[in-house]
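Read through the structure below, which is laid out as structure tokens, and then see the notes.
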Amino acid sequence: MRYLFSKLLMVTLIASLSACSSDENSTAQPILSVNFNTVTSLFNTQGQTASVSKQASGGNFVFDDGFITLTAMEYEAESENDLESVEFELEQVVVIDFATGIPSPDIRAIEIPAGIYEEVSVELEILDETDEPSVVLTGTYTSPGGTSTPIRFEFNSGETFEVEREGTIVFAENESAVAQITFDPSAWFAGVTDNHMADATQYDGVIVISESQNSEIFDLVADGLDLATELEIEN
């Protein structure tokens, strides 16, 4: 199951340097900002983004609320010639608000030593200590006929996934780098059709998609995840 959650996310790692203000008599260590970008825009049943004012033909999804619960985050940077490495590990429950991408508590800023590094990686572990789902997204499915139904996606697993940035990157004093991890449901649901949604069972008026409810749709999402994984590097 480890590969499953790895492919559940469209991941973008952006390494960029920007100057930060500093006191003339002191220097600041570089800061790595780990940002969580949650995509809440409308998309159709082919996984294509659709304008709210002009929907594409067929049904449409939008997920605009929910949460993703982490239990650990690990950051590692290896220097040139493996002479030095930097490690940061956080073990605590962190909840990412899907509507805003803001984690609570806020873990986005990590101080790191200045230096030249050859590889930077960020590893996240999903909470799997209770029977409650660790990932919940809620939104709306609108059929081709215009009928809107609440939808809820649930995932419960203690899987770990990692994003990496390879190649030389310089962390200089008073500068910062950004690692951006993007959660994009349009990529997950690209294989789900309007026919699948028309046959979906509703629970108290809600289409719940999980391993135990509407599991056929859940499996289709999992099967399409190989096409949804992307790693983009920008300097």
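Listed here are the residues, each with its yes/no results for (1) open to solvent by 50 Å² or more (accessible area, probe 1.4 Å); (2) at pLDDT 85 or above.
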| residue | (1), (2) |
| --- | --- |
| 171 | no, no |
| 200 | no, yes |
| 203 | yes, yes |
| 209 | no, yes |
| 223 | yes, no |
| 230 | yes, no |
Of the conditions (1) among the hydroxyl-bearing types (Ser, Thr, Tyr); (2) within 26 Å of residue 207 (Cβ to Cβ); (3) under 20 Å from the mean Cα position of the chain (by Cα), residue 148 satisfies every one except a single condition; which number is it?
(3)
Output the number of residues of segment 211-220 satisfying the condition of being exposed (fewer than 14 other Cβ atoms within 10 Å of the Cβ) and not charged (D, E, K, R).
2
Answer residue from segment 121-148, given it is part of a loop (DSSP other than H, G, I, E, B) and in contact with a Phe, Trp or Tyr (Cβ under 8 Å, 6 or more places away or on another chain) and is modelled with the lowest pLDDT among those:
134
So which pairs qualify, if the first residue must be in segment 188-207 and farther than 15 Å from residue 58 by Cβ, the second must be modelled with pLDDT under 90 and surrounded by fewer than 19 Cβ atoms within 10 Å (Cβ to Cβ), the Cβ gap must be under 8 Å, and the two must be at least 6 apart or on different chains?
188/224
Quick one: in segment 149-158, of everything that is open to solvent by 30 Å² or more (accessible area, probe 1.4 Å) and under 17 Å from residue 125 (Cα atoms), which residue is modelled with the highest pLDDT?
154
Filter segment 93-120 for residues that are in a strand (DSSP E or B) and out of contact with any Phe, Trp or Tyr (no Cβ under 9 Å at 6 or more places or on another chain); which is surrounded by the fewest Cβ atoms within 10 Å (Cβ to Cβ)?
109
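Let me confirm something: among 16, 22, 53, which residue is open to solvent by 70 Å² or more (accessible area, probe 1.4 Å) and either assigned to a loop (DSSP other than H, G, I, E, B) or at pLDDT below 55 (or both)?
Only one candidate passes the filter, namely 53.
The values are calculated or read from the model by the stated rules, or taken from the named source; none is laboratory data. Keep in mind the model is a prediction, meaning the values are calculated, not measured. Using ideal geometry, Cβ is built from the backbone for each residue, glycine included, and neighbour counts are taken over all protein chains shown. Protein only, heavy atoms only, side chains kept; ligands, DNA and RNA dropped before computing areas. Shrake-Rupley method; radii C 1.70, N 1.55, O 1.52, S 1.80 Å.
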